[in-house]
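Student: First the structure, which I've put down as structure tokens, then a few questions once you've had a look.
A short reminder: the numbers here are calculations on the coordinates, not readings from a lab. Worth saying up front: this structure is predicted, and the values here are computed from it rather than measured. Using ideal geometry, Cβ is built from the backbone for each residue, glycine included, and neighbour counts are taken over all protein chains shown.
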Amino acid sequence: MKKVLIVDDNEENLYLLETLFKSHGFDIMMAKNGREAIELAHNDPPDIIVSDILMPVMDGFTLLKHWKKDKKLKNIPFIIYTATYTDPEDEKFALSLGADIFIVKPQEVEVLVEAVNEFIKTKPKPPFAEPLDEEMELFRKYNEILFKKLEKKMSDLEIAYEKIKESEARYRSIFENSIEGIFQSTPEGRFLSLNPAIAYMHGYASPEEMMTAITDIGAQLYVNPEDRERLKKLLEEKEIVKEFEHQEYRKDGSIIWVSLNARAVRDEKNKILYYEGYVEDITDRKLAEERIQKILKGTVNALSVTIEVRDPYTAGHQRKVADLANLIAKEMGLPQETVENIRMAGAIHDIGKIAIPSEILSKPSKLTPLEMSLVFMHPQTGYDILKDTGLPYPIAEIIYEHHERLNGSGYPRGLKNEEILLEASIIAICDVVEAISSHRPYRPALGIDCALSEIEKNKGILYHPEVVDVCLKLFREKGFRFE
């Protein structure tokens with residue numbers, strides 16, 4: 001089996017050529033510079049050598065010169081395979097030193113294999129003998145070529161340096177003039193850098209003043225230090241965190257809302273070095289949202305009162321359902337936004353009864369089939385009233401589904417199991433518990449024990465099992481009572 005010596009300081013190039021030649025049936029020897037190549041070749045001469053030029057310790061030109069002077073190696077074909085020395089003068093110089101062929105990357109690697117096979121098949125070239133009077137001229141040309149390459153490298157470095165300076169200047173301009181706060185901070189809680197915007201946002205005269213004053217971000221800057229720990233955990237898990245909303249202190253002690261976008265920067269061992277990102281002051285938006293929420297709650301309360309005025313026998317029913325549903329949702333660990341939507345839906349879940357005559361709502365005897373059909377329509381009516389009002393999703397849908405049951409026996413659509421929103425299942429159970437335990441026009445109150453027995457008996461049949469368990473826990477273990 002023929003043997004090829006590959007000389008290149010680039011690991012990827014070595015791997016590529018090794019794989020290539022092995023696939024064509026060659027034994028492989030590898031060296032990372034000219035000196036290693038000569039030592040290997042003396043110990044175990046190859047059938048051919050393929051060498052790069054630009055290498056540390058001993059470059060390809062010097063290796064070639066020594067190779068062709070070595071009595072043991074000079075008859076072994078020498079191929080130059082380079083991506084750096086691409087000028088015609090480079091090729092001419094290599095051939096004058098005794099190279100058998102000069103191939104410029106990224107010439108197809110198959111061309112290299114073909115050249116190697118061709119040289120092995122043919123007889124060796126006559127020994128290369130360098131006339132003594134030409135040695136100085138070759139040395140001069142070698143230095144000239146190296147000097148040209150050095151000049152080009154210096155020129156390329158200068159161009160690259162200028163581009164880096166321009167890039168840094170642009171970044172510095174963005175950093176200093178951005179209206180958003182830009183930062184870098186350590187996991188331990190110290191700032192590494194700040195731009196003016198983040199300093200002014202927090203009431204400091206300069207980034208330097210803020211960096212000096214804040215030595216523990218979690219303890220000094222965050223209104224709720226647990227938010228900082230939650231952010232760190234998210235960055236550990238997700239690498240990038242977007243729109244992380246929390247409250248921070250200004251220099252004067254006042255509080256602002258901010259939205260933070262950040263990422264974790266890691267070292268080669270995947271250890272977090274620092275965080276970097278940007279911060280936006282969203283205080284005005286939060287205040288506007290709070291005002292809207294107050295208006296929304298006021299509207300919901302007004303609607304609730306309107307319904308109860310028409311149905312005085314169930315006064316307080318919706319409020320009680322809302323209170324219990326709110327506690328169940330919190331106990332289940334649902335997001336705050338979901339908890340608030342459930343509370344609001346509970347407060348107006350019977351709004352559809354506004355279309356039912358008050359005589360039917362307060363009738364002390366059994367309802368006729370026609371009257372019952374009107375009652376069965378109140379979830380649909382409530383949905384129709386609310387669906388286009390702009391209330392947060394899914395409040396209208398919760399009201400639409402609050403009389404549905406897991407086995408499909410509910411109304412108005414006969415939904416089953418996962419077809420029913422969890423939020424609607426919570427309202428449904430609270431509605432049943434409050435209704436059974438309280439007085440109604442057609443019967444006296446049956447009491448809380450009867451109500452809890454009903455949902456326990458039909459857990460998983462009519463009512464959502466997890467919601468039932470939480471409801472029972474609130475009454476039996478935590479002492480909840482309707483007020």
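Student: Mind listing the phi-derived Karplus ³J(HN,Hα) values for segment 396-410, rounded to whole Hz, using 6.51, -1.76 and 1.60 with θ = phi - 60°, and x for any glycine or proline?
Tutor: Ordered by residue, 3J(HN,Hα) equals 4, 5, 4, 5, 4, 9, 6, 10, 7, 10, 4, 8, x, 8, x Hz.
Student: What trypsin sites (Lys or Arg not before Pro) in segment 203-312 are in a loop by DSSP, with at most 16 other Cβ atoms within 10 Å of the Cβ?
Tutor: For trypsin sites (Lys or Arg not before Pro) across segment 203-312 that sit outside H, G, I, E and B with at most 16 neighbouring Cβ atoms in 10 Å, the list reads Arg250, Lys251, Lys269, Lys271.
Student: Further, regarding this structure: Using the C-alpha gyration tensor of segment 1-119, what are the square roots of 5 times its eigenvalues, in whole angstrom, with the largest one first?
Tutor: Result for segment 1-119: semi-axes of 18, 17, 14 Å.
Student: Quick query: amide H of Lys105 versus all other amide H atoms, modeled in the peptide plane; which residues come in under 5 Å with a sequence gap of 5 or more or a different chain?
Tutor: Thr82, Ala83
Student: Taking amide H atoms as placed 1.01 Å from N in the peptide plane, list the residues 5 or more away in sequence, or in a different chain, whose amide H sits under 5 Å from that of Glu404.
Tutor: When sequence neighbours closer than 5 places are left aside, the close amide H contacts are Tyr411.
Student: Can you give me the convex hull volume of the Cα atoms of segment 286-476, divided per residue and expressed in Å³?
Tutor: Convex hull volume per residue, Cα atoms: 113 Å³.
Student: Against the longest alpha carbon principal axis of the chain, how many degrees, from 0 to 90 and to the nearest 10, is the axis of helix 317-331 turned?
Tutor: On a 0 to 90 degree scale, this one is about 30.
Student: In terms of Cα to Cα distance under 15 Å, which aspartates and glutamates are near enough to Lys74, apart from those fewer than 8 places away along the same chain?
Tutor: Partners found: Glu39, Asp44, Asp47, Asp100, Glu130.
Student: Under the Kirkwood approximation applied to all pairs of distinct alpha-carbon atoms, what is the hydrodynamic radius of segment 194-348 in Å?
Tutor: Value: 18.8 Å, from the Cα pair sum.
Student: Once you have the alpha carbon radius of gyration of segment 258-381, what is it after dividing by 2.2 N^0.38 Å, with N set to its residue count?
Tutor: Ratio of Cα Rg to 2.2 N^0.38 Å: 1.69.
Student: Kindly provide the GluC sites (Glu not before Pro) of segment 268-346 that DSSP labels as loop, not H, G, I, E or B, and whose Cβ sees at most 15 other Cβ atoms within 10 Å.
Tutor: Within segment 268-346, the qualifying GluC sites (Glu not before Pro) (loop, at most 15 other Cβ atoms within 10 Å) are Glu268.
Student: Moving on. Please give the net charge around Glu18, taking every other residue with its beta carbon less than 11 angstrom from that of Glu18, where Lys and Arg add +1 and Asp and Glu add -1.
Tutor: -3
Student: Mind listing the phi-derived Karplus ³J(HN,Hα) values for segment 242-259, rounded to whole Hz, using 6.51, -1.76 and 1.60 with θ = phi - 60°, and x for any glycine or proline?
Tutor: Each residue of segment 242-259 in turn: 10, 6, 7, 8, 7, 9, 9, 8, 8, 4, 7, x, 6, 10, 10, 8, 10, 10 Hz.
Student: Here is a follow-up. Quick one: net charge around Glu226, please, counting Lys, Arg +1 and Asp, Glu -1 for every other residue with C-beta under 11 Å from its C-beta.
Tutor: Every neighbour counted, the sum reads +2.
Student: Multiply the residue gap between Val104 and Gln293 by 0.36 nm, knock off their C-alpha separation, and tell me the result in nm, one decimal place.
Tutor: Additional length available on full extension: 60.9 nm.
Student: Tell me which residues come under 5 Å, amide H to amide H, from Leu192 once H is placed; ignore anything under 5 positions away on its chain.
Tutor: For Leu192, the qualifying residues are Gln184, Ser185, Thr186.
Student: List the trypsin sites (Lys or Arg not before Pro) within segment 1-102 that fall in a DSSP loop (any state other than H, G, I, E or B) and whose Cβ has at most 12 other Cβ atoms within 10 Å.
Tutor: Sites meeting the loop and neighbour criteria: Lys71, Lys72.
Student: Taking 0.36 nm per intervening residue step and subtracting the Cα-Cα distance, what contour gain separates Lys269 from Lys363 on full extension?
Tutor: Contour length minus Cα-Cα distance gives 26.3 nm.
Student: I've got another one for you. Once both labels are modelled 7 Å past Cα along the beta-carbon direction, what's the Met372-Thr215 spacing in nm?
Tutor: 7.6
Student: A follow-up question, please. Could you derive backbone 3J(HN,Hα) for segment 96-101 from the dihedral phi with the Karplus parameters 6.51, -1.76 and 1.60 (θ = phi - 60°), listing whole Hz in sequence and x where the residue is Gly or Pro?
Tutor: 5, 7, x, 4, 7, 7
Student: Once the other residues with Cβ under 14 Å from the Cβ of Ile399 are scored (Lys, Arg +1; Asp, Glu -1), what is the net sum?
Tutor: -4
Student: Can you tell me how much longer the chain between Val305 and Arg250 gets when fully stretched, taken as 0.36 nm per residue apart minus their C-alpha distance, in nm with one decimal?
Tutor: Length gained, Val305 through Arg250: 15.6 nm.
Student: Compute the long axis of helix 109-121 from its Cα atoms, compare it with the longest principal axis of the Cα atoms of the chain, and write down the angle in degrees, 0 to 90, nearest 10.
Tutor: Between helix and principal axis, roughly 30 degrees.
Student: Continuing with this model, one more query. Given Cα positions, please report Rg to Rh for the chain, the hydrodynamic radius being the Kirkwood one.
Tutor: In the chain, Rg relative to Rh is 1.32.
Student: Here's another thing I want to ask about it. Between Asp27 and Lys2, with labels modelled 7 Å along Cα→Cβ, what's the label distance in nm to one decimal, could you check?
Tutor: Distance between the two pseudo-spin positions: 1.5 nm.
Student: Taking R0 as 60 Å, what FRET efficiency do you get between Arg230 and Thr84 from their Cβ-Cβ distance, rounded to the nearest 0.05?
Tutor: 0.70
Student: If r is the Cβ-Cβ distance from Asp388 to Glu331 and R0 is 30 Å, what FRET efficiency results, to the nearest 0.05?
Tutor: Efficiency for this residue pair is about 0.35.
Student: From zero up to wherever the largest Cα-Cα distance of segment 178-281 sits, split into 5 Å bins and tell me the percent of pairs in each.
Tutor: With 5 Å bins starting at 0, P(r) equals 2, 13, 25, 30, 18, 8, 3, 1, 0.
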